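Trainee: The structure follows.
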Amino acid sequence: MKRSFNASVLSIVLFAFLAGCTGHTPPKRLSALTKNATKSGPDLQASDAYLRARFCQELLLRFGVKSYDEDGPGAALTNCLNDDSAGASYPRDAFSIALSGGGTRSASFSMGILKALNEAGMLEQADAISSVSGGGYTSYWLMSQRFYGSMYVNGSSYPADRRHYKKVLEDLERAGANAAATSFCQQVKAQSGALKPLFLSRTDGDVLDQDAWQRHIASQSDIINYSQNGFIQRLETGGLVATHVVMTPIYWATDGLFNLRVVNGSVFTNAYRKGLERTYGLAPNAEHNAYVDYFDHDEKQYLNAMNGAFLRWREASRTEELHFKQLREFALAYNTCADALARTGVSVPPVSMPIINTKLSRPYSFFFKDDKSFDMKSLEKSIFTFTPVQWGSAHTDYQHEEKMFAPIPFSKVVATSGAAVDEGARELRGVGDFAVAAVNMNLGYKVRNPKTQQSAAGTAWYWTYKLLGGFPLRYIVPEKHQATLRLSDGGHAENLGLYSLIERGTRRILVVDAEHDPDYEFESLKRIKANLKSQLNIELSCAKDGEPDNCPLAGNYMQNQGDGVFELKASGFPWQEDSTIIYVKLSVDERLVADNLPAVDDGSACLPSLAGLDQTASAYPCNVARYYESEQGRNNAFPHNSTADVWYGETQYEAYRDLAYFLGVTRVNPLIQSWKAEVEREREQARKVVEGYRSQ
């Protein structure tokens, strides 16, 4: 009782003190600009100002311009933020990709779509890749491979560690106008358009000595178990369960009653994150061809592997920590070279911006309300994003990561985005999730509130909150002064990753929807359609009004005989014309299965070359058809097996990947091939705008 009384008094004192210590005033919210807005006059100027306030740093990074220096915001950032020239319009993203949630199923399917886009020359053209949950696994993989692939090269004079890009930036700064001639920029020139090795697989022909990246994912897609041995896997699972049972009473005392955050997550939280690192975060060494299982590990097999933190004999069981700061340094170095090469007539697309979407759980206060509606379902209030530039939400404000006293590793953010089992889901799913909290089956995390950690006073408040316990402070302190935030699966708010691209006015969007939808109800698509209309007054609709049979929003999709690829549009923006959307649905057309099955099922390998696959193909690759017809495929209702299935083997992973690759080559690429010239043209226009900010 005495402790609770002291905590209450101290919280009131600190509340009064901290009221003047919060961050800068957030920009005017998007909903205020789009609701009942027109496409001209003050509304257009206000929307441009909003976009500048949110995305100037990303725009500058895209063309290799540093936003901050030692003295604070640089001149280019200040010019971008203050741009009020007549007729000026903030450059929108020209083309981006959204990868949906859906666990390993979505990660595997998304991989095939990216493989097809890469072959069409469109993957590197993406300004951003917005992802949720399983889609984030693939985004995490792509960014990690590009980060380390550009670091470890033959003849590199830089040290092989994460400080590599800091030293590269120093060299580029010294080179100045001659940056394009530096060894790193020449390497960037050589690597542009050369992502194909990342996607090579057995089904591409005789490349068994070159398919290190896909072979690793195919053999390690079981993200829970460290070993591939069945007996040892059972021991591992039993050990996880036993450890969790022992830890749960401790959690009840420290975190359940007093909310001390001694146990941030559960035993399975850590196992899940390390599993993602092993499968998608490890960067294979392309010069080391003899790939082996973990129990016969070679230290040269991977570029960033580390042994277990506690079980140190478990070799390559995790990766070194990779923070958004390092990703930003990589993007800045790479994009500086891309910009320098463009001045010499060589076109090199900048690195795509990863956007990881999580769900923010709104804390409840008995005495204070920060807004009148307290709408749990508002996308602006519930979607919390991370990029190499900033993280936050329209509700909490966005903060530059360098201001954070406790930066979060990349893999931890990806794991949080996929934390489907978590108490943070209960606002949208009902009281059943309280049981999840009771037994600490939480995969989400509590993180420091970026608004209250930017000063010494904020740090003092955080430790006061932690040491005294969140109870009763979390119920009497206003939301904006809470010391911690709870983040979980982004799919609890919006499962397609589409909202984060719509809000920045992206002109062309490719959406990959691989969520669990065995009845093809298109729940996430219809939900975001309703939310965009009610919250932002933006209409999501069929692109071709006269063809309702080829649009899931019209409700006429034929299960098991569906096309799987649809054209949509988003309209009603106050600052631009409609956005074009290509929507890809995880689906199987049964009519494309039987034609490519071998006449005699003798159990032989079914691995024909996909190298010659083009848009005229009339049947699925036979490994997809065989998996669909197999006992395993039927039991798992392929392609919509349960998201809880995270124990993928090679045949299952390859079936999903190659199904998506087939759709990508035959249906997606023909639709988006006309985008490339427009994307490049708009990027050059944006480059001129940034050059103006740089030269002012």
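Trainee: Of the numbered conditions (1) open to solvent by less than 30 Å² (accessible area, probe 1.4 Å); (2) modelled with pLDDT of 80 or more; (3) not in a helix (DSSP H, G or I), residue 193 satisfies every one except a single condition; which is it?
Mentor: (1)
Trainee: Sticking with this one: Does the range 270-280 contain at least one residue that is open to solvent by 30 Å² or more (accessible area, probe 1.4 Å) and modelled with pLDDT under 70?
Mentor: The answer is no; no qualifying residue exists.
Trainee: Those residues that are hydroxyl-bearing (Ser, Thr, Tyr), buried (at least 19 other Cβ atoms within 10 Å of the Cβ) and assigned to a loop (DSSP other than H, G, I, E, B), I need them from the range 502-543; list them, please.
Mentor: Once the filter is applied, which keeps residues that are hydroxyl-bearing (Ser, Thr, Tyr), buried (at least 19 other Cβ atoms within 10 Å of the Cβ) and assigned to a loop (DSSP other than H, G, I, E, B), the range 502-543 yields only 506.
Trainee: Right, another one. Would you check if residue 212 is open to solvent by less than 40 Å² (accessible area, probe 1.4 Å) and modelled with pLDDT under 85?
Mentor: For residue 212, the condition - open to solvent by less than 40 Å² (accessible area, probe 1.4 Å) and modelled with pLDDT under 85 - is met.
Trainee: So residue 85 fits all but one of (1) outside any loop (DSSP other than H, G, I, E, B); (2) out of contact with any helix residue (DSSP H, G or I) (no Cβ under 6 Å at 6 or more places or on another chain); what number is the exception?
Mentor: Every condition holds for residue 85 apart from (1).
Trainee: Regarding the range 136-150, can at least one residue be identified that is of a type in the set (Lys, Arg) and either farther than 21 Å from residue 327 by Cα or modelled with pLDDT under 90 (or both)?
Mentor: No, that holds for no residue.
Trainee: Still on this structure, please answer the following. Here is a list of conditions, (1) exposed (fewer than 13 other Cβ atoms within 10 Å of the Cβ); (2) modelled with pLDDT of 50 or more, and residue 16 meets all of them except one; can you say which number that is?
Mentor: (2)
Trainee: Residues that are open to solvent by less than 30 Å² (accessible area, probe 1.4 Å), at least 2 per element: which helices (runs of 4 or more DSSP H) completely within the range 615-690 meet that?
Mentor: Qualifying helices (runs of 4 or more DSSP H): 622-629, 650-663, 669-672.
Trainee: Looking only at the range 237-245, decide whether some residue is surrounded by 17 or more Cβ atoms within 10 Å (Cβ to Cβ), of a type in the set (Val, Ile, Thr) and modelled with pLDDT of 80 or more.
Mentor: Within the range 237-245 (the criterion being surrounded by 17 or more Cβ atoms within 10 Å (Cβ to Cβ), of a type in the set (Val, Ile, Thr) and modelled with pLDDT of 80 or more), the answer is no, since none of the residues qualifies.
Trainee: Could you list, in sequence order, the residues of the range 58-92 that are open to solvent by less than 20 Å² (accessible area, probe 1.4 Å) and out of contact with any Leu (no Cβ under 7 Å at 6 or more places or on another chain)?
Mentor: Selection gives 58, 59, 63, 65, 72, 74, 92.
Trainee: Report, ordered by the first and then the second residue, all pairs with beta carbons closer than 9 Å, sequence separation of six or more or different chains, a first member in the range 216-231 that is within 19 Å of residue 643 (Cβ to Cβ), and a second member that is of a type in the set (Phe, Trp, Tyr) and surrounded by fewer than 16 Cβ atoms within 10 Å (Cβ to Cβ).
Mentor: 221/647; 222/647; 223/647; 224/647; 225/647
Trainee: Just one of 171, 127, 161 is acidic (Asp, Glu) and either modelled with pLDDT of 95 or more or open to solvent by less than 10 Å² (accessible area, probe 1.4 Å) (or both); which is it?
Mentor: 127
Trainee: Which condition number does residue 577 fail, the rest of (1) open to solvent by 40 Å² or more (accessible area, probe 1.4 Å); (2) outside any loop (DSSP other than H, G, I, E, B); (3) at pLDDT 80 or above being met?
Mentor: It is condition (2) that residue 577 fails.
Trainee: Got at least one residue in the range 132-143 being assigned to a helix (DSSP H, G or I), among the β-branched types (Val, Ile, Thr), crowded, with 24+ Cβ neighbours inside 10 Å and in contact (Cβ under 8 Å) with a residue 24 or more places away in the chain?
Mentor: yes
Trainee: Of 660, 644, 625, 677, which residue is small (Gly, Ala, Ser), without any contact (Cβ under 8 Å) to a residue 60 or more places away in the chain and touching a helix residue (DSSP H, G or I) at 6+ places or on another chain (Cβ under 8 Å)?
Mentor: 625
The values are calculated or read from the model by the stated rules, or taken from the named source; none is laboratory data. Keep in mind the model is a prediction, meaning the values are calculated, not measured. Because the Cβ atoms are built from the backbone with ideal geometry, glycine has one as well, and the counts that use them run over all protein chains shown. For the accessible areas, the whole protein counts, side chains as well, though only heavy atoms, and no ligand, DNA or RNA atoms are used. Shrake-Rupley method; radii C 1.70, N 1.55, O 1.52, S 1.80 Å.
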